[in-house]
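The structure under discussion appears below in the form of structure tokens.
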Amino acid sequence: MTQETALLPKSPVAGDENAPARKVFVKTYGCQMNVYDSDRMSDALTRDGYVATDVLEDADFVLLNTCHIREKAAEKVYSELGRLRELKKAKASEGREMVIGVAGCVAQAEGNEILRRSPAVDLVIGPQTYHRLPEALKRARNGERVVETDYALEDKFEHLPAPDNAKTRLRGVTAFLTVQEGCDKFCTFCVVPYTRGAEVSRPVAQILAEAERLVDGGVREITLLGQNVNAWHGTGPDGRDWGLGDLLRRLGEIDGLARLRYTTSHPRDMDESLIEAHRSMMKLMPYLHLPVQSGSDRILKAMNRRHTAAEYLALVERIRAVQPDLALSGDFIVGFPGETEEDFEDTMRLVAAVGYAQAFSFKYSSRPGTPGADLKDQVSEDVKAKRLERLQTLLVNQQRDFAAGCVGREIDLLLEKPGRMPGQLVGRSPWLQPVNVDAKRSQIGDIIKVRITKAGSNSLFAEVIE
Ligand code: 5AD
Ligand code: SF4
């Protein structure tokens, strides 16, 4: 690749051997794509001589990578900005600089409003323009209040540095890789199509290069990311149209890469080739995050999900037929406008019928600018809270049953990091559960055979099979 030399980490103090490196502190909210983006942004700043710090007080540049999916997410950002303002003042009185930046979906949605509400903010940058961050930061340091939220015409991934191998080693044996961004589905409750923009798929060659680089850096498990990851499509090296199933099969050919996952999927985009991948690919983990949001056809229609509860159940059955070991995870919203007690019972019935290994459930939160916000019959907070509690009790019980069902099973465990007890490591089961086992530090990155001996509340315990 021609960019290769530019991607090598430069000395953190390029040009001046004695100046201390400037430090960047990144705080990430929300989804896994934000985690991925935060790493790419801090990698981009390394080229300008920045080093990452975990100590907020030490930072010359504080960047909040924000989430706008629900109300509380944005509120948290504004209160964090209030605290940062005090810190910035304190540092200024000591003659030290602190630039404050806001990235992510709140940045995209609120834009200038952030500068107005939070006078301490110097820089606002939306997800489509992250490749412009180094340049925007320079302008901010020169006193400009910068807002970069236009959808950029250029491809940000072309301009952002690929993962830095030295850092990958520090970041661990599992990694995220964004293959698709944005969403064209326009579910009526969701801000994503407005904050992340239209669906864009990264080209095959770019994805393969990045995956190979991660594996060179010691990564054993890659999770492909996209708001609608299974809508990913591209042109394969064979000139054919590829879907996610084809991409997974090609990635599965990378030596040293042991495991693949993908998230988040939309039920309408689970095509035959992707389902088949679950039958034939050993490296594809038997775990699928397949949000349904509601079990009521009436609500699904109002949400613009464009499938029925029965279609979802039939899909789950088809996938389980090719991969009986599949664990399902889901997202649910209670209290969407107009949701009646009967609609909610439909959701409870669907959950009971599927049996989830893991799930995320939320009270509906009206998002400005989405069609849902204009609907009549908003459900009271009280009713939402009661329904959420009932749903979560059911989901937690299912999660517990799933974990209990693992006890006694022999599984492959990817050893990830030191555990809480000396002499222990934590690994990941095929179904994403953390598993504690006695193992040596030097085994991190190995996949070993273990027998699950016990299920705790948030993790499993196992013994090594000799
Ligand atoms: N209110 C509540 N939950 C929401 N989600 C998305 N938008 C909203 C909203 N307005 C949930 C959905 C989605 C997950 C990422 O967040 O369940 O799948
Ligand atoms: Fe939001 Fe629906 Fe797109 Fe998912 S599919 S990101 S819920 S609009």
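The values are calculated or read from the model by the stated rules, or taken from the named source; none is laboratory data. Because the structure is predicted, anything quoted here is derived from the model rather than measured. A quick note on method: Cβ atoms are made from the backbone with ideal geometry, for glycine too, and the neighbour counts reach across all protein chains shown.
Among the residues of the range 435-452, how many are within 17 Å of Ala258 (Cα to Cα) and surrounded by fewer than 21 Cβ atoms within 10 Å (Cβ to Cβ)?
7
Looking at Gly236, Gly252 in this structure, which one is in contact with a Phe, Trp or Tyr (Cβ under 6 Å, 6 or more places away or on another chain), more than 30 Å from Thr347 (Cα to Cα) and either within 16 Å of ligand 2 (Cβ to nearest atom) or touching a residue at least 24 places away in the same chain (Cβ under 8 Å) (or both)?
Gly236
Quick one: in the range 275-308, which of the residues that are surrounded by 22 or more Cβ atoms within 10 Å (Cβ to Cβ) and among the β-branched types (Val, Ile, Thr) is farthest from Leu432 (Cα to Cα)?
Per the criteria, the residue is Ile299.
For the range 91-104, state whether one or more residues are in contact (Cβ under 8 Å) with a residue 12 or more places away in the chain and within 16 Å of ligand 2 (Cβ to nearest atom).
Looking for residues that are in contact (Cβ under 8 Å) with a residue 12 or more places away in the chain and within 16 Å of ligand 2 (Cβ to nearest atom), one finds at least one in the range 91-104, hence yes.
Restricted to the range 20-51, and to residues that are of a type in the set (A, V, I, L, M) and assigned to a strand (DSSP E or B), which residue is surrounded by the fewest Cβ atoms within 10 Å (Cβ to Cβ)?
Looking at the filtered set, the residue picked out is Val51.
Is it the case, given these coordinates, that Arg390 is within 30 Å of His68 (Cβ to Cβ), out of contact with any strand residue (DSSP E or B) (no Cβ under 6 Å at 6 or more places or on another chain) and surrounded by 14 or more Cβ atoms within 10 Å (Cβ to Cβ)?
Judged against the criteria, Arg390 is a match.
Tell me, which residue of the range 309-341 that is over 23 Å from Val191 (Cβ atoms) and of a type in the set (Val, Ile, Thr) is surrounded by the most Cβ atoms within 10 Å (Cβ to Cβ)?
Val316
Tell me, which residue of the range 301-328 that is closer than 16 Å to Ala352 by Cβ and touching a residue at least 24 places away in the same chain (Cβ under 8 Å) is nearest to ligand 2 (Cβ to nearest atom)?
Checked the range 301-328; the qualifying residue nearest to ligand 2 (Cβ to nearest atom) is Tyr312.
Find the residue count for the range 268-291, including only residues that are farther than 25 Å from Phe189 by Cα and either within 15 Å of ligand 1 (Cβ to nearest atom) or in a helix (DSSP H, G or I) (or both).
The qualifying residues number 9.
Considering only residues of the range 367-387 that are touching a residue at least 60 places away in the same chain (Cβ under 8 Å) and touching a helix residue (DSSP H, G or I) at 6+ places or on another chain (Cβ under 7 Å), which is surrounded by the most Cβ atoms within 10 Å (Cβ to Cβ)?
Ranking the qualifying residues of the range 367-387, first place goes to Arg367.
Taking Tyr356, is it within 16 Å of ligand 2 (Cβ to nearest atom) and touching a strand residue (DSSP E or B) at 6+ places or on another chain (Cβ under 8 Å)?
Spelling it out, it is not the case that Tyr356 is within 16 Å of ligand 2 (Cβ to nearest atom) and touching a strand residue (DSSP E or B) at 6+ places or on another chain (Cβ under 8 Å).
Going by the structure shown, is Val219 assigned to a loop (DSSP other than H, G, I, E, B), at pLDDT 95 or above and not aromatic (Phe, Trp, Tyr)?
It is true that Val219 is assigned to a loop (DSSP other than H, G, I, E, B), at pLDDT 95 or above and not aromatic (Phe, Trp, Tyr).
Please verify whether Asp238 is within 16 Å of ligand 1 (Cβ to nearest atom), more than 30 Å from Ile444 (Cα to Cα), charged (D, E, K, R) and in a loop (DSSP other than H, G, I, E, B), treating the condition exactly as stated.
no
Scanning for something on the phi > 0 side of the Ramachandran plot, among the hydrophobic types (A, V, I, L, M, F, W, C) and touching a residue at least 24 places away in the same chain (Cβ under 8 Å), does the range 173-187 turn up at least one residue?
yes
Kindly indicate which of Gly172, Gly126 is in contact with a strand residue (DSSP E or B) (Cβ under 9 Å, 6 or more places away or on another chain), among the small types (Gly, Ala, Ser) and surrounded by fewer than 21 Cβ atoms within 10 Å (Cβ to Cβ).
Gly172
Pairs only if they're at least six apart or on different chains, beta carbon under 6 angstrom, first in the range 418-443 and outside any strand (DSSP E or B), second of a type in the set (D, E, K, R); list them, first residue then second.
Final answer for the pair search is Gly423/Asp438.
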